[in-house]
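Data block below; observations after.
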Amino acid sequence: MDQVLYIYNTLTRIKEPFKPIAAPHVGMYVCGPTVYGDGHLGHARPAITFDVVFRYLQHLGYKVRYVRNITDVGHLEHDADEGEDKIAKKARLEQLEPMEVAQYYTNRYHDAMDALNVLRPSIEPHASGHILEQIELVQKILDAGYAYVSNGSVYFDVRKYHEDTHKYGQLSGRVIDEMLSTTRDLDGQSEKHETADFALWKKAAPEHIMRWNSPWSVGFPGWHTECTAMGTKYLGETFDIHGGGMDLMFPHHESEIAQQCAVTGHGPCKYWMHNNMITINGQKMGKSLGNFITLDEFFTGNHPKLEQAYSPMTIRFFILQAHYRSTVDFSNEALQAAEKGMQRLMQSYKTLKSLTPSKTSSIDIKEFRQKCYDAMNDDFNTPIVISHFFDIAKVVNTVNDHKATLTKADLDDLKDLYDTFLFNILGLKDEASGNNTQIVDGLMNMILDVRAQAKANKDWATSDKIRDSLSDLGIAVKDGKDGATWELK
């Protein structure tokens, strides 16, 4: 069926129909992690958000080239143009090579993303592997007259760019005229003409570990140049979607637009997408604020703020229960509710597979498929999709209780809905269904057969003992017309 997808474009602040530049091909660039520490819940949100975007676009038949970078150089402390490189600082403190730090935490990031069932991007370029492209970009901006060299460093001239284009601040909504009128430095106080100017290339101080030769100095690229250079290299001067966290809107993405406009006269992409923040007590979760909980700590429960361990699928479900543009506040109560909701849907799928078809259906299930598409087409509204699956679970349980009937065709249609939307598009999976599933199911069927034989022999003591022993292990046995079934409590 034909589907019209609408995406909220942060740049225009409206939902727009998605029309790729060169359908069926779609180019998508998402800002990845700065790898100087373990990934936390704030890293999980953009990864899961754009994983769902990636999955759904592929489901609709698009051929997606998904580029998500690794920042391993140039990201200085506090997202500023001064201070230490975040990775170099970690390397100095741990007495390691910077690339050793970057590789270790890149591996850790991949492990966490794999656990969360986040698909690997089509291309994962590293900033340190694209220094030549960044030097070429800086030179083009200098040639265009929108940058200047100062003491071996190169800075973007925000005032000149804004006076010529009136575009700086268009994404974030910042009033740049006010910023420029209040931030002019006194002569001699700074290398920059204005504090609003941002570094394209920084001359390395003697103690700076990571450094490369350039026409201006031995130094390293600014944080913003990497995404412009790598996005252009792998997706072209204009691509379809650029995504990232809302905290990157300014200055990172605003500066990306300026860099690209300075060289080409237009921004890098057609649609800007930004996921909102994960908060703790209303404050953004982040490494720089020291209030983060790493994903590994969530998976093990090893953190004072955690009442228990939370599985990767619980985390994924928790994030998808909120629309990507809304904030999500962490709490144990919210995660425990997500855990129960996730288990309920997984149990309903298991129950669905055990249902016996009838000759007729007493419930019309045809509307569910279009409802799920409508939700996804409305700017990837995953919480609405999940709400529809809770309604589907009610239908399944009603049939299981023999209060309604479904034909084999309808049962197969519901199974396909689970496979298509819950498992493939939302990327959820039944964590109880590992390699030992067949063994567990086989053992449980054997135990229930023994209990059924005991009941047939009127050996109620044995029958009750089996049921009560399973209950003590957290397994509920439910007797029905077609025999006994079991589920985890």
Restricting the range 283-294 to residues that are in a loop (DSSP other than H, G, I, E, B) and open to solvent by 30 Å² or more (accessible area, probe 1.4 Å), the one nearest to Leu76 (Cα to Cα) turns out to be Ser288
Asp197: farther than 29 Å from Leu96 by Cβ, charged (D, E, K, R), in contact (Cβ under 8 Å) with a residue 24 or more places away in the chain and assigned to a strand (DSSP E or B), yes or no? no
Whether any residue in the range 32-39 is more than 25 Å from Glu254 (Cα to Cα), surrounded by fewer than 21 Cβ atoms within 10 Å (Cβ to Cβ) and touching a residue at least 60 places away in the same chain (Cβ under 8 Å) is what I want to check. yes
Of the conditions (1) at pLDDT 95 or above; (2) of a type outside the set (Val, Ile, Thr); (3) open to solvent by less than 20 Å² (accessible area, probe 1.4 Å), the single one that Gln58 does not satisfy is (3)
Inset, instruction - Tell me, yes or no, whether the range 144-158 has at least one residue that is more than 30 Å from Asn9 (Cα to Cα), open to solvent by 40 Å² or more (accessible area, probe 1.4 Å) and assigned to a loop (DSSP other than H, G, I, E, B). - result: yes
For the range 26-57 the number of residues that are more than 10 Å from the chain's Cα centre (by Cα) and charged (D, E, K, R) is 2
Taking the range 356-376 and the residues there that are assigned to a helix (DSSP H, G or I) and not aromatic (Phe, Trp, Tyr), the one that is nearest to Asp416 (Cα to Cα) would be Arg369
Residue hits (the range 91-106; within 24 Å of the chain's Cα centre (by Cα) and open to solvent by less than 70 Å² (accessible area, probe 1.4 Å)) are Val101, Ala102, Tyr105, Thr106
Of (1) under 23 Å from the mean Cα position of the chain (by Cα); (2) open to solvent by 20 Å² or more (accessible area, probe 1.4 Å), Gly83 satisfies every one except (1)
Glu254: passes all of (1) surrounded by fewer than 21 Cβ atoms within 10 Å (Cβ to Cβ); (2) touching a residue at least 60 places away in the same chain (Cβ under 8 Å) but (1)
With criteria (1) open to solvent by less than 10 Å² (accessible area, probe 1.4 Å); (2) modelled with pLDDT under 95; (3) of a type in the set (Gly, Ala, Ser), Gly427 comes up short on (2)
Filtering the range 257-306 down to residues that are farther than 26 Å from Thr10 by Cβ and of a type in the set (Ser, Thr, Tyr) yields Thr294, Thr300
The residue that is nearest to Phe380 (Cα to Cα), considering only those in the range 302-343 that are of a type in the set (Ser, Thr, Tyr) and in a loop (DSSP other than H, G, I, E, B), is Tyr324
The lone condition Asp177 fails out of (1) in contact with a strand residue (DSSP E or B) (Cβ under 8 Å, 6 or more places away or on another chain); (2) surrounded by fewer than 17 Cβ atoms within 10 Å (Cβ to Cβ) is (1)
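The values are calculated or read from the model by the stated rules, or taken from the named source; none is laboratory data. The structure displayed is predicted, hence computed values, not measured ones. Neighbour counts are summed over all protein chains in view; Cβ atoms, including those assigned to glycine, are modelled from backbone coordinates with ideal geometry. For the accessible areas, the whole protein counts, side chains as well, though only heavy atoms, and no ligand, DNA or RNA atoms are used. Shrake-Rupley method; radii C 1.70, N 1.55, O 1.52, S 1.80 Å.
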